[in-house]
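Heads up: the structure comes next, in structure tokens.
The values are calculated or read from the model by the stated rules, or taken from the named source; none is laboratory data. All of these numbers come straight from a predicted model, not from anything done at the bench. Glycine gets a Cβ as well: all are built from the backbone with ideal geometry, and neighbour counts include every protein chain shown.
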Amino acid sequence: MDEGTLTDGKGRTVNFKNTIFVMTSNVGSKNILDISRKASARGSGSASLNDDEDSDSEIESVVKQELEQAMRPELLNRIDEIIIFNPLTYDILKDIARNMIDAVVKRAASDQKINIAPTENMVEIITTEGFQSEFGARPVRRAVKRFLEDTMAEAIVRDFVILLPDLHLRALDQYNILVLYNHFLPQQLVE
């Protein structure tokens with residue numbers, strides 16, 4: 001690999017010049033979450049460790065120890081850079097949820113000619129439902145599917161949106177989504 005080529009067990013050579021390998025691992029992730037929670041409890045106010053250099057160095061040393069136990073030194077010696085990611089905070093997950101919702105809204109507009117206007121509380125409910133820092137953004141994706149995509153699919157199948165394709169969505173709670181036509185929308189339900 002140092003010369004930019006890789007030979008497999010059958011003698012075939014592959015050119016890897018100008019190639020960057022990105023490898024991911026969950027090694028040390030449990031310890032990262034434990035240290036993050038301790039830092040939050042000490043008063044940083046969020047699950048983020050950006051301003052806490054002591055926690056960052058503690059995480060780095062713990063992850064390096066875990067890597068040394070999990071991987072052979074020959075492999076670790078060939079890795080140029082190790083980047084450790086902090087757990088996602090609620091605010092970051094809220095931004096991710098907003099982006100996922102926007103993608104669904106755009107897809108509905110282009111594919112089905114349906115204009116959807118989710119309210120801010122819809123974003124809040126989806127983020128709250130999907131906030132599990134140990135699992136990243138995947139639970140948020142599932143919440144978007146359950147609250148927005150499934151609701152819209154059912155409305156389409158039941159011909160609810162066929163005549164008036166301008167809809168306003170409001171999450172009443174984690175179990176009930178209110179779908180309203182813009183023509184019949186009381187202002188207090190929009191907010």
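Before moving on, here are some points about what is shown:
- The set of residues in region 65-92 that are outside any helix (DSSP H, G or I) and aromatic (Phe, Trp, Tyr) contains only 85.
- Selected residue (criterion: farthest from residue 32 (Cα to Cα)) from residues of region 122-148 that are surrounded by fewer than 15 Cβ atoms within 10 Å (Cβ to Cβ) and modelled with pLDDT under 90: 124
- Among (1) modelled with pLDDT under 80; (2) assigned to a loop (DSSP other than H, G, I, E, B); (3) in contact with a helix residue (DSSP H, G or I) (Cβ under 8 Å, 6 or more places away or on another chain); (4) not aromatic (Phe, Trp, Tyr), the one test that residue 50 misses: (3)
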